[in-house]
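I have a structure I would like to understand better, so I am pasting it below and will then ask my questions one at a time.
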Amino acid sequence: EVELGPITNNSIYATQSLVEYLIQASSAGNGTVSGDTNDWIEAGENFSVSASADEHYHFVSWNNGSSANPLEAPATSPTNLVASFAIDTYTVDIQAGDFDIAPTNFAAVAYGNSVTTTVQSIYVTNAPGVRVKFTGFEKIQ
């Protein structure tokens, strides 16, 4: 309770207020967030949050649609951000050479997954009396 007075015809009392917004940030999984993750930020002041992916994952976006990382923005309302992460994917391209191998191209293979291909014949005849035997695959960088 605050006492104001004495009141006269010429007395004006103004109150000052400070508006702050709660900024929260979390991870949907496969990564962490840091910065202003559970902080009260003064209206108009900038807040900052960063997303860090776990090994073999990458940051995709925040639930507000932004893909900025770190995300810096002015506090204009209570904000609850969630960072999304996705597993790393790779394109696998098998160089078949002279062998009949199918399929030879795999797009968006998730880290840790396998691909299956079929070698139609383990021998290739290059010339009369000469054949080459398929013995396996070798990883090429």
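The values are calculated or read from the model by the stated rules, or taken from the named source; none is laboratory data. The model shown is predicted, which means the values in this text are computed figures rather than measured ones. We place every Cβ from the backbone using ideal geometry, glycine too, and count neighbours over all the protein chains shown. For the accessible areas, the whole protein counts, side chains as well, though only heavy atoms, and no ligand, DNA or RNA atoms are used. Shrake-Rupley method; radii C 1.70, N 1.55, O 1.52, S 1.80 Å.
Using every alpha carbon pair in the range 74-141, what percent of pairs falls into each 5 Å bin from 0 up to the bin containing the largest distance?
For the range 74-141, the pair-distance distribution reads 3, 11, 17, 16, 11, 8, 7, 5, 5, 4, 4, 3, 2, 2, 1, 1.
Please report the Cα spread of the chain along all three principal axes, rounded to whole Å, starting with the longest.
The Cα atoms of the chain stretch 117, 20, 19 Å along the principal axes, largest first.
Rounded to the nearest 20 Debye, what is the dipole magnitude of the chain about its Cα centre when Lys and Arg each give +1 and Asp and Glu each give -1 at the C-beta?
Charge dipole, the chain, about its Cα centre: 1000 debye, nearest 20.
Farthest toward the dipole's positive end in the range 47-141, which of N64, V130, A110, given Cβ charges of +1 (Lys, Arg) and -1 (Asp, Glu) about the Cα centre?
Result: V130, furthest along the dipole toward the positive end.
Follow-up question, since we're still on this one. Full-extension gain between V115 and N80, please, as 0.36 nm times their residue separation minus the C-alpha to C-alpha distance.
Value of the extension gain: 8.7 nm.
Report for the chain the percent antiparallel among DSSP-assigned beta bridges with both residues inside it, nearest 5.
Taking every DSSP beta bridge with both residues in the chain, the antiparallel ones total about 85 percent.
How many nm separate the modelled label positions at T91 and A68, each set 7 Å beyond the Cα in the direction of the Cβ?
3.1
Ignoring ligands, DNA and RNA, what percent of the 1.4 Å accessible area of the range 32-141 is carbon and sulfur?
47
Now for a different question. Report the equivalent ellipsoid semi-axes for the range 47-110 in whole Å, largest first, defined as the square roots of five times the eigenvalues of the gyration tensor built from alpha carbon atoms. Kindly include the intermediate steps, with their values, before the conclusion.
On the way: eigenvalues 329, 18, 13 Å².
The equivalent ellipsoid of the range 47-110 has semi-axes of 41, 9, 8 Å.
Could you give the length gained on full extension between V130 and L22, defined as 0.36 nm per residue of separation minus the Cα-Cα distance, in nm?
Contour length minus the Cα-Cα distance gives 31.3 nm.
Separation between the T104 and E55 pseudo-spin-labels, each 7 Å from Cα along Cα→Cβ, expressed in nm?
Placing both labels 7 Å beyond Cα along the Cβ direction yields 3.4 nm.
On to the next question. Heavy-atom accessible area per residue, the range 68-133, 1.4 Å probe: how many Å²? Numbers along the way, then the final one.
Details: 4300 Å² over 66 residues.
Here the per-residue accessible area is 65 Å².
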